[in-house]
Every structure is written in C-alpha cells, then in structure tokens.
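Worksheet for the structure shown next.
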C-alpha cells in the first residue's frame, strides 16, 4: 500500500465523518508525505529570523524609517520584546535571530543581550548591508553564494539537534522593495503591482518608491520590457542561473540566507512554514532553483502587503490564515504552527472506529 493511501485510510477511519476536519486532514497528509510516515510529528519547531540591511534604504527613496531600526529591532528580538517573541513563548517555539548582514556590530559594547548564541543570536554577517542597487548589484556572486550556504548550514544545524519543522522570518528596513523586485522579475507582474507600503509609507512616498524600483528594473534587466508586462506573462527565470542573477542584483543578505534555508530544509525533508511577503519572495528564488522545494512548504497566511496574494496565486498556494497581518518577523508562521500540530495530533492520537467501538454502519 502506498503511503498516501495508507494515510488517507487511517484518516478516514478516525471517529468522525470523512473530510470533516477539513484543511487539518490535508495538512496531516502533507506532513506525513514530507516525513515519510503515517505517524507524522512536529519536533522542536523553530522560527529563524534573518536580519539584514539594504544599501538602497540609505537614500530615503523607498522607506521613511532610518536604517538603524534594523539593528534596534534585532536587539528587541534578542531581548524578548517583539511580537514574535510573544508568540514563540506562547506556543513553545524555539527562536533564533540571525545577523545576515545588519549595518551594526552586536558584540563589542558590553550589552549581555548581544553576546552570543545562548541568547538566541547567530552571527552570520556577510557584510554591513548590501550595496545600493540603484547604482550597482546588491552583492557580489561570492557574497551571494556565501549567504546561500550559510542559510542552509543554519537549518542543518537545527535539524541535527532534533528540529523537524522550521518557519522563516526576516527583518530589514527596505527589504519589501527587494521582495517586490524579485517578485516582478520572476512573475512578470509590473513592479507597480508588486510594491506595497512596507513598514508604512504614505501615498506620496509610495509613488516615489515605485518610480525608484522601476528605475532599478530598467537598470538591471534591460533585456525585458518588464514595465509593460502583463500579469501572467511569466518571464523564463525558472533555472538556477537566472534566479541567482536576480538575487545577486536586487536581493538582500537576509533574503539570500532564507533562500538557502528553504533549499536545505526541503532537502532534509523538514516541514517548512512560509511566512509573508518577503519570506515568500525568497521562496520564489528557491523554487526557481529547485521546483520541488514547495513540496515541503506550508503557507502560513496571506499578508496585508498588496503583492503577497499575487505571489500566492503564482505558486498555487492556499495559506492557512488571513488575519491582515503584515509585520514579518515570522509572526504568521508562529500563528500557523498550532494548526499544524493539531493536524498531526489528531492523526496520531484520535481513536479509530474499531478502537472506540463506534458503529460505522448506516440504517
């Protein structure tokens, strides 16, 4: 008997009408197929927050917040004061904060919160922020490859310690612009339909942001009239070389590390919970590099960021939640995890008709 059939038969034999647990039954099936068992379990789940700065942010053209906010929020994560800290504590989720490329140092000022891995902090800095992609590529090929490898290594280290489920989050002033550029280039949707308000730009700032991103597209990808592309007019980027080129030109160190984390987690058959807009942009790159990566992905929620629903449509994804959240940090992934745990728990613990002595026959 094939595993899918075995899981389905086990699910249908629980003390409930067939299909009555809805999406939970689908999740149980997916997690079972990922793990290769009809008794799937979530073990030592973690959220990884990858943090990095973007050179474009220093221009003030794409975001009203100062770049220093990235480092300040990293300290907030380490100190336990952010929304993701609250949700991880509430649901018993491990949390690690990764310095992928923040424009700050965290270990030379005597603050114990910044002092090491025991505080949930991983030093993996590729550089002090990316370069300004209005003028040049965001990172070198070597930096990109280093970030991809480091993201994979961080996930593998968690896996070796017993974690089989990971959600990926991010922090970085300006990273919604990188996400919009990646989305536009891969899907063929005009960047004006991909870029949203991010951390809170007003109407006039949004117009400036979109015009700036259109200039970036024209500079780095002159071979395609992307600004006039129609939604669904997919550009041929579904190969590793083209995907890496996009990532190197307009990505961020945190987005590159998330990409590497997706790829390695899928290779290890871990359950991967996909968060919001920026996290999904990294998945677009990872999927272009390896189309099977989404087999291990459960989509947490639909972000309030305008481009996210279009990303989900492009991926044929059905997220679990729609709460209007657009915070990032992995918060959507943390909120979805209890549902995934419930799905595996019913499959493992719920009585069958036989064990409960419940009659299945109809009148």
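Could you tell me whether residue 305 is out of contact with any helix residue (DSSP H, G or I) (no Cβ under 7 Å at 6 or more places or on another chain) and modelled with pLDDT under 95? Working first, answer last.
Values: out of contact with any helix residue (DSSP H, G or I) (no Cβ under 7 Å at 6 or more places or on another chain): no; modelled with pLDDT under 95: yes.
Against the criterion (out of contact with any helix residue (DSSP H, G or I) (no Cβ under 7 Å at 6 or more places or on another chain) and modelled with pLDDT under 95), residue 305 does not qualify.
Of all residues in region 327-363, which are touching a residue at least 60 places away in the same chain (Cβ under 8 Å) and either at positive phi or not in a helix (DSSP H, G or I) (or both)?
If the condition is that a residue be touching a residue at least 60 places away in the same chain (Cβ under 8 Å) and either at positive phi or not in a helix (DSSP H, G or I) (or both), then 327, 328, 329, 330, 350, 351, 352, 358 are the ones that fit.
Taking the criterion of being surrounded by 17 or more Cβ atoms within 10 Å (Cβ to Cβ), under 18 Å from residue 50 (Cβ atoms), more than 13 Å from the chain's Cα centre (by Cα) and at pLDDT below 95, would at least one residue in region 318-330 satisfy it?
No, that holds for no residue.
Restricting to region 67-99, give me the number of residues that are more than 25 Å from residue 202 (Cα to Cα) and either surrounded by fewer than 19 Cβ atoms within 10 Å (Cβ to Cβ) or more than 18 Å from the chain's Cα centre (by Cα) (or both).
The qualifying residues number 12.
Regarding region 127-143, can at least one residue be identified that is part of a loop (DSSP other than H, G, I, E, B) and without any contact (Cβ under 8 Å) to a residue 12 or more places away in the chain?
yes
Residue 37 - would you say it is closer than 30 Å to residue 348 by Cβ and surrounded by fewer than 24 Cβ atoms within 10 Å (Cβ to Cβ)?
yes
Residue 189: surrounded by 18 or more Cβ atoms within 10 Å (Cβ to Cβ), at pLDDT below 90 and out of contact with any strand residue (DSSP E or B) (no Cβ under 9 Å at 6 or more places or on another chain), yes or no?
Answer is no for this residue.
Is one or more of the residues making up region 258-273 free of Cβ contacts under 8 Å to residues at least 60 places away in the same chain and either assigned to a loop (DSSP other than H, G, I, E, B) or more than 19 Å from residue 157 (Cα to Cα) (or both)?
Within region 258-273, not a single residue is free of Cβ contacts under 8 Å to residues at least 60 places away in the same chain and either assigned to a loop (DSSP other than H, G, I, E, B) or more than 19 Å from residue 157 (Cα to Cα) (or both).
Looking only at region 125-144, decide whether some residue is under 16 Å from the mean Cα position of the chain (by Cα), at pLDDT 95 or above and closer than 13 Å to residue 251 by Cβ.
Looking through region 125-144, none of the residues is under 16 Å from the mean Cα position of the chain (by Cα), at pLDDT 95 or above and closer than 13 Å to residue 251 by Cβ.
Could you list, in sequence order, the residues of region 36-76 that are under 17 Å from residue 121 (Cα atoms) and in contact with a strand residue (DSSP E or B) (Cβ under 7 Å, 6 or more places away or on another chain)?
Passing the criteria: 45, 46, 47, 48, 49, 50, 51, 52, 53, 70, 73, 74.
Working carefully through the options 218, 261, 256, 243, find the one that is buried (at least 20 other Cβ atoms within 10 Å of the Cβ) and at pLDDT below 95.
243
One residue is enough: does region 226-235 have a residue meeting the conditions at pLDDT 80 or above and touching a helix residue (DSSP H, G or I) at 6+ places or on another chain (Cβ under 7 Å)? Before the answer, list the steps.
Initial filter on region 226-235 (at pLDDT 80 or above): none.
No; the residues of region 226-235 include none that is at pLDDT 80 or above and touching a helix residue (DSSP H, G or I) at 6+ places or on another chain (Cβ under 7 Å).
For residues in region 49-66 being surrounded by 22 or more Cβ atoms within 10 Å (Cβ to Cβ), modelled with pLDDT under 95 and touching a helix residue (DSSP H, G or I) at 6+ places or on another chain (Cβ under 6 Å), which is nearest to residue 106 (Cα to Cα)?
63
Return the residues of region 160-185 that are out of contact with any strand residue (DSSP E or B) (no Cβ under 8 Å at 6 or more places or on another chain), touching a residue at least 40 places away in the same chain (Cβ under 8 Å) and surrounded by fewer than 24 Cβ atoms within 10 Å (Cβ to Cβ); say none if nothing qualifies. Steps first, answer last, please.
Taking region 160-185 as the starting set, the residues that turn out to be out of contact with any strand residue (DSSP E or B) (no Cβ under 8 Å at 6 or more places or on another chain) are 160-162, 173-174, 176-185.
Still in the list and also touching a residue at least 40 places away in the same chain (Cβ under 8 Å): 161-162, 173-174, 176-185.
Within region 160-185, 161, 162 meet the criteria.
The values are calculated or read from the model by the stated rules, or taken from the named source; none is laboratory data. Quantities reported herein were computed from a predicted structural model and do not represent experimental measurements. Here Cβ is always computed from backbone atoms with ideal geometry, including for glycine, and neighbour counts include all displayed protein chains.
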